[in-house]
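Since the structure comes first, as structure tokens, the remarks are kept for the end.
The values are calculated or read from the model by the stated rules, or taken from the named source; none is laboratory data. Just so you know, these numbers come straight off a predicted model, no measurement behind them. Neighbour counts run over all protein chains shown; Cβ positions are idealised from the backbone, glycine included.
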């Protein structure tokens, strides 16, 4: 039997909170899992922020990245590996997906290291430094669909809060995925109000120089190029509104496709 194409889907922002759209996405996962090996990586910053506020902690972001004090790491675990991950596993189960909820800690899927201190205080937010996808491939062999939160551990066994985009990129690289699909709040990379359907490295360099790509999209496209150079075949950025959108992303009929 020929090996299936491997596809990593990352979902975040408002798309991760729209239950109607999520059920449609889950239904597509169930249907497409017979053709592709799929893994879902999710964020859930809103869930973390809501728990922080219950404890009287104001979320802190610098350049769009969450700063995580050591005493906040338990809250991050609760929000991402707990509340958000189990919510998605249950929702996907409702649609017929045999999901398994995991974090980077499980089976040593991926580990990380801190970005470094923030204003003299320890910061437990960080980036991936190693990824071993053996558990993902083992689950696929038994027809389970991995649903991954981005919390992980460092070399000392302490918790690390990894940005979900970076977790998805690291997993896609390690799996040498044929596609990495970023589902977010926007239809793709825009030039004004016009969607750019496809971009390569030179297009991105030009768009960055002309400030067509700005803000939080800058690190996303730069990291995407790194992932492409490390074995991922194509990356697509889009939103998800209705059933069929995931298939359209895979077939390059929706969003912005990034290639080398």
Residue ID - surrounded by the most Cβ atoms within 10 Å (Cβ to Cβ), chosen from residues in segment 235-251 that are in a helix (DSSP H, G or I) and touching a strand residue (DSSP E or B) at 6+ places or on another chain (Cβ under 9 Å): 249
Positions within segment 152-171 being more than 24 Å from residue 214 (Cα to Cα) and either out of contact with any strand residue (DSSP E or B) (no Cβ under 6 Å at 6 or more places or on another chain) or surrounded by fewer than 24 Cβ atoms within 10 Å (Cβ to Cβ) (or both), in sequence order: 153, 154, 155, 156, 157, 158, 159
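Let's see how each residue does on (1) surrounded by fewer than 18 Cβ atoms within 10 Å (Cβ to Cβ); (2) under 15 Å from the mean Cα position of the chain (by Cα); (3) modelled with pLDDT of 90 or more:
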site	(1), (2), (3)
173	no, yes, yes
185	yes, yes, no
190	yes, no, yes
208	yes, no, yes
211	yes, no, yes
Residue check, residue 97 assigned to a loop (DSSP other than H, G, I, E, B), under 22 Å from residue 134 (Cα atoms), at pLDDT 90 or above and more than 15 Å from the chain's Cα centre (by Cα): yes
Members of segment 222-234 that are surrounded by 18 or more Cβ atoms within 10 Å (Cβ to Cβ) and either more than 16 Å from residue 179 (Cβ to Cβ) or in contact (Cβ under 8 Å) with a residue 60 or more places away in the chain (or both): 232
Complete set of residues in segment 76-113 that are farther than 18 Å from residue 146 by Cβ and surrounded by fewer than 18 Cβ atoms within 10 Å (Cβ to Cβ): 78, 83, 113
Failed item, numbered, when residue 254 is tested on (1) at pLDDT 95 or above; (2) surrounded by fewer than 20 Cβ atoms within 10 Å (Cβ to Cβ); (3) part of a loop (DSSP other than H, G, I, E, B): (2)
Residues of segment 101-160 that turn out to be in a strand (DSSP E or B), under 27 Å from residue 59 (Cβ atoms) and out of contact with any helix residue (DSSP H, G or I) (no Cβ under 6 Å at 6 or more places or on another chain), as a count: 14
Residue 169 under 23 Å from residue 22 (Cβ atoms) and at pLDDT 95 or above: no
